[in-house]
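Inspection log for the structure reproduced underneath, given as structure tokens.
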Amino acid sequence: MAEHTDDAERVARAYVEMWNEGDDSRIADLVSESFVHVDPDGEEFHGRDGLAAFMRAVTDGFSGFEVQLRRMIAEGDVVMYEADVTMTHDGEFQGMPPTGETVEFTEMATVRVADGTVTEHRVYYDKGAVRDQLVSAAA
């Protein structure tokens, strides 16, 4: 079990690193074909192509995207982490023109790993508070 847990944590850390680097070329190596990403509001992105499109939208809309891990806990094939996320809104995102605002928030996430790849990533954060940071900057 310890080896399985260590592998899951290693894969989850590499997945977070991929996001920090904005390197969608690593998706094929780190993410399963049946992958699903679930946002706090229930919006889902499926498969490698879905994740690549979502990742491009985020990195095109926000520069300096960084997930700073506070803590990571793994058990079996499930990894949970708490992180601080920072990004600067300098491109259009979901129809909102750039505000130049640096957005900061804390997230919790669950990452499920099978056969050395991420099969599921569920993130939990206050999406309304993030939107409020952007809207107040645009006003």
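The values are calculated or read from the model by the stated rules, or taken from the named source; none is laboratory data. Nothing here was measured: the structure is a model prediction, and the numbers come from that model. Using ideal geometry, Cβ is built from the backbone for each residue, glycine included, and neighbour counts are taken over all protein chains shown.
Where the second residue is part of a helix (DSSP H, G or I) and among the polar types (S, T, N, Q) and the first is closer than 13 Å to GLU33 by Cα and lies in the range 110-139, which pairs have Cβ atoms under 6 Å and are six or more apart or on separate chains?
none
Does ASP24 qualify as being over 23 Å from GLU104 (Cβ atoms), surrounded by 13 or more Cβ atoms within 10 Å (Cβ to Cβ) and out of contact with any strand residue (DSSP E or B) (no Cβ under 9 Å at 6 or more places or on another chain)?
Taking the combined requirement at face value, the residue satisfies it.
Could you tell me which numbered condition GLY128 fails, if it satisfies all but one of (1) in a strand (DSSP E or B); (2) surrounded by fewer than 15 Cβ atoms within 10 Å (Cβ to Cβ)?
If we test GLY128 against (1) in a strand (DSSP E or B); (2) surrounded by fewer than 15 Cβ atoms within 10 Å (Cβ to Cβ), just (1) comes out false.
Taking the options ASP23, ASP39, name whichever one is closer than 21 Å to VAL130 by Cβ and acidic (Asp, Glu). Give the steps one after another, and end with the answer.
Values: ASP23 fails: closer than 21 Å to VAL130 by Cβ.
Step by step, each of ASP23, ASP39 is checked, and only ASP39 is closer than 21 Å to VAL130 by Cβ and acidic (Asp, Glu).
Report whether or not HIS37 is in contact (Cβ under 8 Å) with a residue 40 or more places away in the chain and farther than 21 Å from VAL11 by Cα.
It is false that HIS37 is in contact (Cβ under 8 Å) with a residue 40 or more places away in the chain and farther than 21 Å from VAL11 by Cα.
From the list ASP49, ASP84, ASP132, which one is more than 14 Å from the chain's Cα centre (by Cα) and at pLDDT 95 or above?
That would be ASP49, the only listed residue that is more than 14 Å from the chain's Cα centre (by Cα) and at pLDDT 95 or above.
Test VAL103 against the stated conditions and say whether it is within 19 Å of GLU17 (Cβ to Cβ), among the β-branched types (Val, Ile, Thr) and either exposed (fewer than 15 other Cβ atoms within 10 Å of the Cβ) or under 15 Å from the mean Cα position of the chain (by Cα) (or both).
no
Return the residue satisfying two criteria in turn: it lies in the range 14-54 and is in contact with a Leu (Cβ under 8 Å, 6 or more places away or on another chain) and of a type in the set (Phe, Trp, Tyr), and of such residues it is farthest from ASP77 (Cα to Cα).
The residue in question is PHE45.
So which of ARG122, ARG71, ARG112 ends up being surrounded by fewer than 13 Cβ atoms within 10 Å (Cβ to Cβ) and part of a strand (DSSP E or B)?
ARG71
Return yes when GLY100 is of a type in the set (Gly, Ala, Ser) and under 15 Å from GLU9 (Cα atoms) and no when it is not. Walk me through it before giving the result.
Details: of a type in the set (Gly, Ala, Ser): yes; under 15 Å from GLU9 (Cα atoms): no.
It is false that GLY100 is of a type in the set (Gly, Ala, Ser) and under 15 Å from GLU9 (Cα atoms).
In the range 45-67, what residues are over 18 Å from VAL113 (Cα atoms), in contact with a helix residue (DSSP H, G or I) (Cβ under 9 Å, 6 or more places away or on another chain) and in a strand (DSSP E or B)?
Across the range 45-67, the qualifying residues are PHE65, GLU66, VAL67.
For residues in the range 24-38 being hydrophobic (A, V, I, L, M, F, W, C) and not in a helix (DSSP H, G or I), which is farthest from ALA114 (Cα to Cα)?
Taking the range 24-38 and keeping what is hydrophobic (A, V, I, L, M, F, W, C), we get 27-28, 30-31, 35-36, 38.
Okay, now just the ones that are also not in a helix (DSSP H, G or I), so 31, 35-36, 38.
Details: VAL31: 10, PHE35: 10, VAL36: 13, VAL38: 17 Å.
Here the residue is VAL38.
Taking the conditions exactly as written (aliphatic (A, V, I, L, M), touching a residue at least 12 places away in the same chain (Cβ under 8 Å) and under 19 Å from ASP132 (Cα atoms)), does VAL58 satisfy them or not?
Values: aliphatic (A, V, I, L, M): yes; touching a residue at least 12 places away in the same chain (Cβ under 8 Å): yes; under 19 Å from ASP132 (Cα atoms): yes.
Yes.
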